[in-house]
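See below for the structure under consideration.
The values are calculated or read from the model by the stated rules, or taken from the named source; none is laboratory data. Predicted model, so just to flag it, every value in this text is computed and none were measured. Virtual Cβ from ideal backbone geometry, glycine too; neighbours counted across all protein chains shown.
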Amino acid sequence: MAISSLSVRYCLSPTISHKTDIPCPNPSLRACCSLSSGYSPDSSENTYQKGSNLKRRQALVGVGTLLATSVPATLLLAEGNLPKTNFLLHSFWNQKHNSVCSYNVSAEVPKSYSAFVDREDGYSYYYPSDWREFDFRAHDSAFKDRYLQLQSVRVRFIPTEKTDISEVGPMEEMVYDLVKHKFAAPNQVATIYDMKERVEDGRSYYTFEYELRTPIYATTSFATVAVGNNRYYTLIVGANQRRWRKVKNQLQVVADSLKILQI
């Protein structure tokens with residue numbers, strides 16, 4: 001598309017929801033990982049996902065911790081003599097093959113953020129380092145603030161025959177339809193504040209800011225959507241509307257970090 005950035009505002013009626021490409025020594029093994037550095041409610045939406053992701057990742061963390069405590073520190077720094085603070089050992093347990101895949105990873109992650117990488121499902125993004133992972137219904141991954149329940153990020157995907165988000169339709173029409181028919185519940189009034197397109201490695205990403213308001217409370221969020229691997233990915237990161245001005249820049253980093261990985 002020719003449009004690279006666009007600001008637009010709609011008011012809808014209540015009737016209206018760097019990353020590193022990590023190689024694995026054994027191509028048959030796939031895994032997801034977290035690399036460290038330094039709600040608005042959705043309405044009904046057709047989704048599919050691999051089950052029990054949270055339990056799987058908790059098991060992976062346990063295996064990684066065990067191996068990290070038993071491997072000499074010199075091995076962690078062997079490749080490329082990279083600084084210790086930027087070099088992490090990641091180990092993954094593969095139940096099907098009854099084996100462990102271990103390797104060193106170096107990643108440039110912004111200060112105060114961690115990177116979530118899911119090589120199996122083909123996406124990655126950043127999230128604030130002090131957030132914790134939790135199980136969000138019908139989503140593949142999710143993290144939230146330890147104390148503020150409405151301050152969170154989550155990712156889901158559905159199958160598609162499209163190869164790029166630009167094939168879904170014009171950005172303005174697509175964003176309007178998403179907010180009206182997917183994100184907003186029947187009792188919510190939605191306002192779209194801004195939308196923009198970025199192109200990375202030949203792939204388009206649409207990011208937009210919107211608010212969902214009820215008589216009792218309101219949330220403001222960023223959403224980023226993209227298509228790849230025959231999947232339509234949606235990342236939503238948001239907070240209580242009263243805190244939005246304070247955390248907007250922090251959450252913008254999360255929204256802009258979504259990257260589709262080839263699988």
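Results for (1) crowded, with 16+ Cβ neighbours inside 10 Å; (2) within 23 Å of PHE136 (Cα to Cα), shown as yes or no for each residue.
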residue	(1), (2)
SER152	yes, yes
PRO159	no, yes
VAL179	yes, yes
GLN188	yes, yes
ASP194	no, no
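Taking TYR206, is it more than 22 Å from ASP145 (Cα to Cα) and crowded, with 17+ Cβ neighbours inside 10 Å? For TYR206, the condition - more than 22 Å from ASP145 (Cα to Cα) and crowded, with 17+ Cβ neighbours inside 10 Å - is met. Within the stretch 112-130, the set of residues being within 13 Å of the chain's Cα centre (by Cα) and assigned to a loop (DSSP other than H, G, I, E, B) comprises ARG119, ASP121, GLY122. Being assigned to a loop (DSSP other than H, G, I, E, B) and either closer than 19 Å to LEU251 by Cα or hydroxyl-bearing (Ser, Thr, Tyr) (or both) is the filter here; which residues of the stretch 141-170 pass it? Scanning the stretch 141-170 gives ASP145, ARG146, TYR147, LEU148, GLN149, LEU150, GLN151, THR160, THR163.
Selection of first residues in the stretch 157-172 that are at negative phi and at pLDDT below 95 and of second residues that are of a type in the set (Lys, Arg) and assigned to a loop (DSSP other than H, G, I, E, B), restricted to Cβ pairs under 9 Å at least 6 apart or on distinct chains, gives the following pairs, ordered by first then second residue: VAL168/LYS162.
The stretch 191-256 holds strands (runs of 3 or more DSSP E) entirely within its bounds, and those carrying 3 or more residues that are in contact with a Phe, Trp or Tyr (Cβ under 9 Å, 6 or more places away or on another chain), of a type in the set (S, T, N, Q) and closer than 23 Å to SER112 by Cβ map to 218-228.
Taking the criterion of being under 25 Å from PRO110 (Cα atoms), buried (at least 18 other Cβ atoms within 10 Å of the Cβ) and of a type in the set (A, V, I, L, M, F, W, C), would at least one residue in the stretch 209-217 satisfy it? No, the stretch 209-217 has no match at all.
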